Amino acid sequence: MDIQDFLEYLRQGGSVAGGSDVHGCMHLLAKEALQITAKLNNSYRSPEEIRCLFAELTGKPVPETFSMFPPFYSECGKNIYVGEHVFINCGCHFQDHGGIYIGDGTLVGSYVVMATINHGQAPARRSDNLPAPIHIGKNVWIGSHATILPGVTIGDDAIVAAGAVVAKDVPANTLVGGVPAKIIKKIN
């Protein structure tokens, strides 16, 4: 299985048994991602250098309107998709094996975690990886220290309060907060 087929397999929710040959593909991606994020994080980088390194991490072009404040962490990178005018603040960790899709105009606060992998619950299957994508709509604001869990979709113009743990879909034009996140109010 080549890398593109493997990434598509993950985006479609294909499970990966711990210790399998396919699991080895995850480790190869992690090795590359850790090398690239080390370059990104270990000294000052200009906005252009950040975009170039992020493009290297994702394996695809990054819009000139994209911006980020490192450090940034990922153990895959190749399943991250960002739109125009996306900003990612410092200290974020994207576990993107299952796919992370970020719409235009989205602001991601500092130390946000987006996790697209769950593990098997049975002790014998605990090392199995179960991916599910995260979809972030347009003009979303995710507050600092929020955690977005596998399979979540956040609608356009929504706000995720700082520190929230989002385990369920968030409707458009809604403010959510808490652990687990619940709707606080509609946004007009």
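The values are calculated or read from the model by the stated rules, or taken from the named source; none is laboratory data. This structure is a prediction, so every number in the text was calculated from the model and none was measured. Backbone-built Cβ (ideal geometry, glycine too); neighbour counts: all protein chains shown. Remember, those area values only see protein heavy atoms, side chains included, never the ligands or the DNA or RNA. Shrake-Rupley method; radii C 1.70, N 1.55, O 1.52, S 1.80 Å.
Please determine whether any residue of segment 114-122 is in a loop (DSSP other than H, G, I, E, B) and within 19 Å of Asp96 (Cβ to Cβ). Talk me through it step by step, then tell me what you get.
Restricting attention to segment 114-122, the residues satisfying the condition of being in a loop (DSSP other than H, G, I, E, B) are 116, 120-122.
Filter once more, so that each one left must be within 19 Å of Asp96 (Cβ to Cβ): 116.
Among the residues of segment 114-122, at least one is in a loop (DSSP other than H, G, I, E, B) and within 19 Å of Asp96 (Cβ to Cβ), which makes the answer yes.
Leu107 fails exactly one of the following numbered conditions: (1) touching an Asp or Glu at 6+ places or on another chain (Cβ under 8 Å); (2) under 23 Å from Ile187 (Cα atoms). What is the number of that condition?
For Leu107, the failing item is (1).
Looking only at segment 138-161, count how many residues are in contact with a strand residue (DSSP E or B) (Cβ under 8 Å, 6 or more places away or on another chain) and either more than 30 Å from Gly19 (Cβ to Cβ) or open to solvent by less than 20 Å² (accessible area, probe 1.4 Å) (or both). Talk me through it step by step, then tell me what you get.
First pass over segment 138-161, keeping only residues in contact with a strand residue (DSSP E or B) (Cβ under 8 Å, 6 or more places away or on another chain): 140-143, 146-155, 158-161.
Checking which are either more than 30 Å from Gly19 (Cβ to Cβ) or open to solvent by less than 20 Å² (accessible area, probe 1.4 Å) (or both) leaves us with 140-143, 146, 148, 152-155, 158-161.
Residues meeting the conditions: 14.
Consider His135 against the criteria (1) touching a strand residue (DSSP E or B) at 6+ places or on another chain (Cβ under 7 Å); (2) over 30 Å from Gly19 (Cα atoms): it satisfies all of them except one. Which criterion is unmet?
Condition not satisfied by His135: (2).
Filter segment 125-137 for residues that are farther than 10 Å from Ala158 by Cβ and in a loop (DSSP other than H, G, I, E, B); which is most open to solvent (accessible area, probe 1.4 Å)? Even if it seems obvious, please write down each step before you answer.
Our first condition is that a residue be farther than 10 Å from Ala158 by Cβ; within segment 125-137, this holds for 125-135.
Now drop any that are not in a loop (DSSP other than H, G, I, E, B), which leaves 126-128, 132-133.
Working: Arg126: 124, Ser127: 66, Asp128: 19, Ala132: 26, Pro133: 33 Å².
My answer is Arg126.
Conditions: (1) hydroxyl-bearing (Ser, Thr, Tyr); (2) assigned to a loop (DSSP other than H, G, I, E, B); (3) closer than 16 Å to Arg11 by Cα. Tyr111 meets all but one. Number of the miss?
With (1) hydroxyl-bearing (Ser, Thr, Tyr); (2) assigned to a loop (DSSP other than H, G, I, E, B); (3) closer than 16 Å to Arg11 by Cα applied to Tyr111, the lone miss is (3).
Scan segment 71-88 for residues that are crowded, with 19+ Cβ neighbours inside 10 Å and in a loop (DSSP other than H, G, I, E, B) and jot them down.
Correct list: Ser74, Glu75, Cys76, Gly77, Lys78, Asn79, Val86.
Of the numbered conditions (1) at pLDDT 95 or above; (2) open to solvent by 60 Å² or more (accessible area, probe 1.4 Å); (3) outside any strand (DSSP E or B), Ala172 fails exactly one; give the number of that condition.
Among (1) at pLDDT 95 or above; (2) open to solvent by 60 Å² or more (accessible area, probe 1.4 Å); (3) outside any strand (DSSP E or B), the lone unmet condition for Ala172 is (2).
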